[in-house]
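Engineer: Can you read through this structure? Questions will come right after.
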Amino acid sequence: MRFKSLGAVIFAFAIAVPTCVSAQETVATTDTLVLSLDQCIAIALDENPTIKVADMEIKRVDYSKKEIIGQLLPSISFDASYSRTIEKQVAYMNMDAFKGLASLGGGAGTGGEDASGEASAPSKSSSSDGGIKMGLDNSYAMGFSAALPIIAPQLWKSINLTDNQILQNVESARKSRLSLVNQIKNAYYTLLLAEDSYRVMQESYENAKFSQEVYEKRYKVGAASEYDVLRTSVTVKNIEPQVEQARISIKQAQLQLFILMGMDTAVPFATNAKLADYESTMYDNTLSLSRSISENSDLRMLDIQTETLKDALTVQKMAWVPTLALTANYTWTSSTNGTPFTNIRWNPYSTVGLAFSLPIFQGGQRYSRIKQASIQVEEMKWQRQNLERSLQMQVDVAIDNIQMNVKQIASNAESMTQADKAHQIMAKSFEIGAASYLDLRDSELALTRAQLAYYQAIYNYLVANSNLELLLGNADLQKYESDNE
């Protein structure tokens with residue numbers, strides 16, 4: 001079962017934090033949220049708004065597919081109407097053919113005489129110029145109508161288009177997840193680099209502070225000059241801004257990670273790893289690097305778009321195929337004179353039939369649309385070929401950078417070991433007065449530079465490896481999602 005809220009995630013991880021012996025240490029440890037890289041990624045995949053939007057897009061297109069499928073089902077509607085006649089229609093009849101019959105007697109003309117010899121009055125429904133008014137005052141109609149497509153090729157193929165759109169949204173959501181994993185990893189590595197850099201600068205500051213205290217004591221007993229005290233004091237003051245900058249870098253890296261994870265920035269947070277921990281696995285990872293670009297999200301998206309264009313081409317060809325639909329309606333009608341809604345007499349009327357449509361000529365529009373779709377399919381082939389070459393080149397460059405970073409890490413690790421040993425020797429020499437403060441300070445600076453270069457090389461390796469993973473699209477998303485179950 002997936003976590004429904006970030007609070008549940010935090011609570012679960014907080015329980016997993018090791019407790020300390022003392023009550024005070026236990027409280028401090030429990031209040032601080034200690035998360036691994038995989039846990040950060042799992043939280044981000046569950047809480048990040050971008051991922052939620054991508055998942056909602058999949059649902060939206062799924063409903064769009066259901067909408068098209070609904071067009072294959074019968075459509076039934078109920079309609080009702082009422083109309084009031086203001087001016088009735090007038091009909092005129094040609095009476096020339098009836099003049100002979102009228103002269104023989106028995107034909108009644110307008111204003112003529114009837115059989116008894118009496119004059120007949122004009123009809124009330126006739127107009128003054130001999131026309132006859134047609135229709136009644138009130139007309140009513142209501143009923144049901146239904147239609148069912150029997151042969152609808154374009155509609156059938158449109159379902160394939162929605163299927164491809166769903167696949168595109170699924171791939172888009174996958175790409176968003178891969179990108180988020182890459183961003184989380186880079187942000188986590190940046191935080192580790194900031195923490196390691198802070199420890200190095202703090203250690204350099206402590207060494208400078210210790211040297212200052214030593215010279216202050218020597219100055220008090222007359223074993224050192226005031227210049228030595230001032231020089232060590234200036235060194236301490238110069239390092240303090242660097243320590244503060246390293247501390248701010250940690251805070252900024254944490255904020256960036258919190259934003260990507262969708263977490264509250266007020267939650268105390270700590271990592272459970274150091275950059276040096278990744279050195280032991282980098283050689284095996286480098287040897288097992290993949291060069292396959294089959295899982296690349298851009299390449300897969302292009303393939304889906306190509307299939308979509310092929311289906312669109314088929315839809316355009318289906319425009320030449322006739323369509324057939326079954327129609328039916330059942331209607332009640334009524335017409336009355338005088339006041340509305342009185343003397344209504346309903347008369348049922350129903351029909352069942354087939355509606356056939358055969359497209360013959362539309363000015364060459366269908367032919368032009370088919371040619372456009374065919375050209376787009378051909379364009380996709382060339383775009384895919386170009387994308388494959390570009391991706392393969394990027395993969396080769398990324399792997400070369402990773403291998404270079406691995407060599408750099410090995411070199412910097414050896415350099416750091418030598419710098420640490422040289423610093424220890426110089427520290428002992430300084431304690432017994434065999435080395436000057438400048439010699440000691442030079443060894444400290446060399447060690448600091450070696451340590452920072454070592455951590456920077458590991459960071460570069462990790463970022464390059466993460467970027468290659470994004471490029472290949474082979475991140476194991478299921479592993480991170482299982483952490484939320």
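Each value in this text was obtained by applying a stated rule to the coordinates, not by laboratory testing. Because the structure is a prediction, the values reported are computed rather than measured. Every residue, glycine as well, gets a Cβ built from its backbone with ideal geometry; the counts of neighbours run over all protein chains shown.
Engineer: Highest mean first, what order results for 351-362, 186-197, 330-341, 310-321 on Cβ atoms within 10 Å?
Structural biologist: Listed from highest to lowest mean packing, they are 186-197, 310-321, 330-341, 351-362.
Engineer: Once you list every other residue whose beta carbon is under 14 Å from the beta carbon of L468, what net charge do they have if Lys and Arg are +1 and Asp and Glu are -1?
Structural biologist: So the environment of L468 carries a net charge of -2.
Engineer: Another question, then. Under 15 Å from the Cβ of V267, count the other residues' Cβ atoms, weight Lys and Arg +1, Asp and Glu -1, and hand me the total.
Structural biologist: Surrounding charge for V267 is -2.
Engineer: Still on this model: Based on Cα positions only, what radius of gyration and what Dmax would you give for segment 291-330, in angstroms?
Structural biologist: Reported Rg and Dmax, both Å: 18.9, 67.
Engineer: Which shape class, rounded, prolate or oblate, goes with segment 182-262 when its Cα gyration tensor gives a ≥ b ≥ c as root eigenvalues, a/c under 1.5 marks rounded, and past that a/b bigger than b/c marks prolate?
Structural biologist: In terms of gyration-tensor shape, prolate.
Engineer: Among K381/K479; K209/K274; K65/K175; K217/K428; K175/K317; K209/K251, which pairs are too far apart, with a Cα-Cα distance over 29 Å?
Structural biologist: Violating the 29 Å Cα-Cα cut-off are K381/K479; K175/K317.
Engineer: Which label belongs to the value computed from this structure, given these candidates for semi-axes √(5λ) of the Cα gyration tensor in Å: (1) 38, 27, 25; (2) 92, 29, 20; (3) 37, 24, 22?
Structural biologist: Of the labelled values, this structure produces (2).
Engineer: Please give me the summed charge of the neighbours of S249: other residues whose Cβ is under 14 Å from its Cβ, Lys and Arg +1, Asp and Glu -1.
Structural biologist: Local net charge: 0.
Engineer: Please say if segment 264-354 is rounded, prolate or oblate, where rounded means a/c under 1.5 for a ≥ b ≥ c the square roots of the C-alpha gyration tensor eigenvalues, and otherwise the choice is prolate for a/b larger than b/c and oblate otherwise?
Structural biologist: Taking the square roots of the gyration eigenvalues as a ≥ b ≥ c, segment 264-354 is oblate.
Engineer: Once both axes come from the Cα atoms, what is the angle between helix 6-16 and the longest principal axis of the chain, in degrees from 0 to 90, rounded to 10?
Structural biologist: Roughly 30 degrees between the two axes.
Engineer: In degrees, nearest 10, range 0 to 90: what is the angle between the Cα axis of helix 226-261 and the longest Cα principal axis of the chain?
Structural biologist: The angle comes out at about 20 degrees.
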